Amino acid sequence: MAAAVTSSADPRQPAGRSQIKAVVFDAFPVFDSRPIIRACEEAFPGRGSDLSNAWRTRQFEYQWLRALAGQYEDFWQTTQSALDYAAHSLKLELSSSVRDSLLQGYLALKAWPDVPDALAELRRSGKQLALLSNVTPQILHAGIKSSGLNGIFHHVISTDRIGSFKPDPRAYQLGVDVLGLRKEAILFVAFAGWDVAGSKWFGYPTYWNNRQNATSEQLGVTPDGTGESLDDLTRFLAESRA
């Protein structure tokens, strides 16, 4: 599928695309979390989808609630609390062994199949590459190792550095501070619609890696490009050099 360009400027050349010096990724355009969903179904046949949906929803709610209230706990801690809540809300008996097994899924994430070649192509094009995610450094580095992506990213950035989560503007500012570039020179690759909105509000050119074919959030924000895979992303950026 070709990348969809959605800029309000000339659709062949969104403003500033040729000036992109770095590509900064949320974790989940890179790492495939579907095995965690499958593990929920294996643990609770017929209820796994309900559990994974409730768990994921509460993960973000707890992160944002704690950030807004000044009661920060990192992604690992909020994820544990969210799993406990989800199981309790669905009246599922969550043993300590099953709980630990589901949580360990975040330390065994592997890259989507298209990722290694796409990242290698972006490196060859001279782009700086970075991860900028709400998940902990331990999760990010475990995913890099298990996916064979050692040495691919110039920077690995967790918002744990500032004790907050995206879409806090301070979280997006980490990319500017660490890479030492203007925000206009950094393309942010989001997985979730809310992250599209947050990164665009901050001022990043934004690409939506919409692997789930999700509906756009109704927040008055349009990404500069969209696509289902990172192959679409590399084509999107290659057009600026054509």
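A short reminder: the numbers here are calculations on the coordinates, not readings from a lab. Since we're looking at a predicted model, the values are computed, not measured. FYI the Cβ positions are ideal-geometry reconstructions off the backbone, even for glycines, and counts take in every protein chain you see.
Counting DSSP beta bridges with both partners in the chain, what percentage is antiparallel, nearest 5? Here the share of antiparallel DSSP bridges comes out near 20 percent. Each 10 Å bin from 0 upward holds the following percent of the Cα-Cα pairs of region 41-148: 12, 36, 31, 16, 4, 0. Rounded to the nearest 0.05, the FRET efficiency derived from the C-beta distance between I162 and D117 at R0 = 22 Å is 0.10.
Rounded to a whole number of µm²/s, how large is the Stokes-Einstein D of the chain at 20 °C and 1.002 mPa s, given Rh as the Kirkwood radius over C-alpha pairs?
The Stokes-Einstein estimate is 116 µm²/s.
Taking trypsin sites (Lys or Arg not before Pro) as candidate sites, keep only those in a DSSP loop with at most 11 other Cβ atoms within 10 Å, then name the longest stretch of the chain containing none of them.
Result for the longest clean stretch: 92-242.
Pairwise Cα separations in region 120-242 fall into 5 Å bins from 0 onward with the following percentages, short to long: 2, 10, 20, 23, 24, 15, 5, 1, 0.
Restricting attention to region 18-107, which GluC sites (Glu not before Pro) occupy a DSSP loop and are surrounded by at most 14 other Cβ atoms within 10 Å? The partial results should precede the final answer.
Numbers: sites: E41, E42, E61, E73, E93; in loops: E73, E93.
Hits after loop and neighbour filter: E93.
Here the extension length gained between A238 and D50 equals 63.7 nm, from 0.36 nm per residue of separation less the Cα-Cα distance.
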